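Handing you this structure, nothing more for now.
The values are calculated or read from the model by the stated rules, or taken from the named source; none is laboratory data. Everything numeric here is computed off the predicted structure, so don't read it as measured data. Glycine gets a Cβ as well: all are built from the backbone with ideal geometry, and neighbour counts include every protein chain shown. Remember, those area values only see protein heavy atoms, side chains included, never the ligands or the DNA or RNA. Shrake-Rupley method; radii C 1.70, N 1.55, O 1.52, S 1.80 Å.
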Amino acid sequence: MIADGRIAIDGEILTTPATVLTSLRGVTVDGNPVAAPAPARLFRFHKPAGVLTAERDPRGRPTIYDRLPKGLPRLIPVGRLDYNTEGLLLLTTDGELKRQLELPATGVERSYRARAFGQVSQDQLEELMLGVEIDGVRYGPIDANLERRTGANVWIELTLTEGKNREVRRVLEHLGLEVSRLIRTRYGPFHLADMPVAAVDEVRQHDLILFRKALSGPGGGKAASNLQLSNRAKALAPPPEPEGEPAEAPPPANRADRRRAAAAEPPAPPARERAAPRPPAKGAAEKRTAAKAPEKFGVGQRRKLRGAAAKAAAGGPGTSAHPSTGARKRSAPAGPAPKGRAGRPGPDAKPQRRDDTRAPAADRDHDDGGPLLDRPKRRYRPGDRRPRSGTPAKRGPRK
């Protein structure tokens, strides 16, 4: 194209490829200006086991591009995962970003969870922090921790920064373990979290810009790997449905999507509920009592009001209206009650209410419902036990 004179800079035809460009401003091809490059995009993909990280396979095995949905831009994987390894795989549209994430010099951390058969101690795993050499290949520091034991298997969590070919499997085999399952759970600040298998989503542009700034900062890959991103990914548009019956939508990928899906669903029609029974109508005495009852009164006053309202509703003879509440109250029987020996009521005497022993009927009927301290003192019958007056005498030592 340069030899044909098709490329020009600021109107001058370019004659040599040995030209350094700081930007694409003024560059034209066949007289048409060159568009600015699109911003880099980053995707998360949950790679399943039994899939190759390649564009095609001569043996006909399935690849990651067979599992990706239609309508995505041209994507290149960041690093690779083995055929039987599963977990997080980053895909990007920018080759520079891919190379920046892959280089061991940047120090971007990768975390794995491995299930292995055999026995190993935490002391053996901690020795990997000094690095290890296997078959002439030197592997850098690996932060390994024994997570748990399940029968004859152990689960180990490993964090490394190099990512050489089959590094995790070879290091664990060097310790006498046989790896049966390997999952990548994190690449830098991007986590696998609860993504379904074969699901793909896009990292928000704001998070990607923040990650690249931290990666080029003083902390490098270590600081960029410790970023606390929101894990809220940009959802991809679903592929067009084929003609015919619409296919069922896949379940939401995370909890936030499930809440949004539940909010978007139309509300279900309310069930026909049985009408609640109406409360019984209040009587005239209860209405007057509720309307004229004082705002503040004690427990005894409330008990008296309830009793007066019940008697007024019964409408029995010998009732009188209470001056403060308007409720009708039964008056005391005429004449003294027959008494037995020692001043106690006899067997023919009618039972008296406990309130009748507190104060005379005149004082009770004209009670204004005020504080309990303003009421007359209690009167005791001859046989009642009275509290001692004054300070009790102190007891001395026994003799």
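Hey, among Ala114, Ala8, which residue is more than 29 Å from Arg204 (Cα to Cα), of a type outside the set (Lys, Arg) and under 34 Å from the mean Cα position of the chain (by Cα)?
Ala114
Next up: Residue pairs, Cβ under 7 Å, 6 or more apart or interchain, first in segment 156-183 and in a loop (DSSP other than H, G, I, E, B), second aliphatic (A, V, I, L, M). List them.
From residues that are in a loop (DSSP other than H, G, I, E, B), the pairs are Thr161/Val108; Leu175/Val120; Leu177/Ala116; Leu177/Val120.
Of the residues in segment 1-29, how many are β-branched (Val, Ile, Thr) and surrounded by 12 or more Cβ atoms within 10 Å (Cβ to Cβ)?
Residues meeting the conditions: 6.
While we're here: Name every residue in segment 125-147 that is on the phi > 0 side of the Ramachandran plot and touching a Phe, Trp or Tyr at 6+ places or on another chain (Cβ under 9 Å), in order of residue number.
Passing the criteria: only Gly131.
Another one. Please state which one of Val51, Val27 is among the β-branched types (Val, Ile, Thr) and either at pLDDT below 85 or over 44 Å from the mean Cα position of the chain (by Cα) (or both).
Criteria check complete, one pass: Val27.
Return a yes/no flag: does segment 138-148 have any residue that is among the aliphatic types (A, V, I, L, M) and in a loop (DSSP other than H, G, I, E, B). Lay out the reasoning, then the answer.
Here is the first cut: in segment 138-148, the residues among the aliphatic types (A, V, I, L, M) are 142, 144, 146.
Then drop every residue that is not in a loop (DSSP other than H, G, I, E, B), which leaves 142.
Yes, that holds for at least one residue.
Could you name every one of the strands (runs of 3 or more DSSP E) located completely within segment 37-124 that has at least 1 residues being surrounded by 15 or more Cβ atoms within 10 Å (Cβ to Cβ) and among the polar types (S, T, N, Q)?
86-92, 110-117
Another question, if that's okay. In this structure, does Leu208 turn out to be farther than 22 Å from Pro141 by Cα, in contact with a strand residue (DSSP E or B) (Cβ under 7 Å, 6 or more places away or on another chain) and open to solvent by less than 20 Å² (accessible area, probe 1.4 Å)?
Judged against the criteria, Leu208 is a match.
Kindly list the number of the only condition in (1) surrounded by 10 or more Cβ atoms within 10 Å (Cβ to Cβ); (2) at pLDDT 85 or above that fails for Asn32.
The single condition Asn32 does not satisfy is (1).
If I filter segment 173-193 for residues that are under 29 Å from the mean Cα position of the chain (by Cα) and of a type in the set (Asp, Glu), do I get at least one hit?
If we filter segment 173-193 for residues that are under 29 Å from the mean Cα position of the chain (by Cα), which is where we start, we get 182-193.
This time we only want the ones that are of a type in the set (Asp, Glu), so: none.
Within segment 173-193 (the criterion being under 29 Å from the mean Cα position of the chain (by Cα) and of a type in the set (Asp, Glu)), the answer is no, since none of the residues qualifies.
Take Gly118 and tell me if it is closer than 18 Å to Arg212 by Cα and touching a Gly at 6+ places or on another chain (Cβ under 9 Å). Outline the logic, then answer.
On the way: closer than 18 Å to Arg212 by Cα: no; touching a Gly at 6+ places or on another chain (Cβ under 9 Å): yes.
No; evaluated as a whole, the condition is false for this residue.
So, in segment 107-139, exactly how many residues are in contact with a strand residue (DSSP E or B) (Cβ under 7 Å, 6 or more places away or on another chain), small (Gly, Ala, Ser) and touching a residue at least 12 places away in the same chain (Cβ under 8 Å)?
4
Can you tell me how many residues in segment 73-101 are in contact (Cβ under 8 Å) with a residue 60 or more places away in the chain, of a type outside the set (A, V, I, L, M, F, W, C) and under 24 Å from Val179 (Cα atoms)?
6
Shifting gears a bit: Exposed (fewer than 14 other Cβ atoms within 10 Å of the Cβ), under 24 Å from Leu89 (Cβ atoms) and hydroxyl-bearing (Ser, Thr, Tyr): does that describe Ser180?
yes
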